[in-house]
Structure formats: structure tokens, C-alpha cells
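The values are calculated or read from the model by the stated rules, or taken from the named source; none is laboratory data. All of these numbers come straight from a predicted model, not from anything done at the bench. Neighbour counts run over all protein chains shown; Cβ positions are idealised from the backbone, glycine included. Heads up: the accessible areas ignore ligands, DNA and RNA and are worked out on the full protein's heavy atoms, side chains in. Shrake-Rupley method; radii C 1.70, N 1.55, O 1.52, S 1.80 Å.
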Amino acid sequence: MPKTPLNAQNLESVATRFRIHGVPLPLPILHELADGERTVGELVDASGSTQPTVSSHLSPLLSHRVVKRE
């Protein structure tokens, strides 16, 4: 699958699609991931959320193949 750059418009589109499916998705996590690979700990620090919250937001991203685990 070709990569689509995660610019502001694309990030908002992804977030809107997840909200439609009832999955809240904070844009700060996507913004951080747009800059490259991040650990959950780095996402926790950048978002100001807790590890369980960040992990719960990453779970639907993984299942919908928006992000991948390495």
C-alpha cells in the first residue's frame, strides 16, 4: 500500500473517519507519528496522556493498519 503523507489535512481526515466509527482519536498522537517512529513512552510524553490512554488510542490505529508495530 502506498504511503500518504500525514499533512494537516490528511490527519484531520483520518481523525474524522475514526470519530465516525466512535473511536476518539487525539490529533497530537497522529502529529507525533507524522514525524516518524515513536515509542509509546515518547507518545505519552508528547501528548501529556497516560500510557493506558495512549495505548487505547493506538489499538484501533493498529487494527485499521494506520500504524504498525515494529
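Take Ser47: with every protein chain present and a 1.4 Å probe, its accessible area is about 40 Å². Taking label positions 7 Å along the Cα-Cβ direction at both Ala46 and His64, the computed distance is 1.8 nm, reported to one decimal. Within the full protein context, the accessible area of Glu42 is estimated at about 90 Å² for a probe radius of 1.4 Å. Figure note: His64, His31 ranked by solvent-accessible area, largest first, 1.4 Å probe, ligands and nucleic acids not counted: His64, His31.
For Ser55, the accessible area of its heavy atoms, probed at 1.4 Å with every protein chain present, is near 40 square angstrom.
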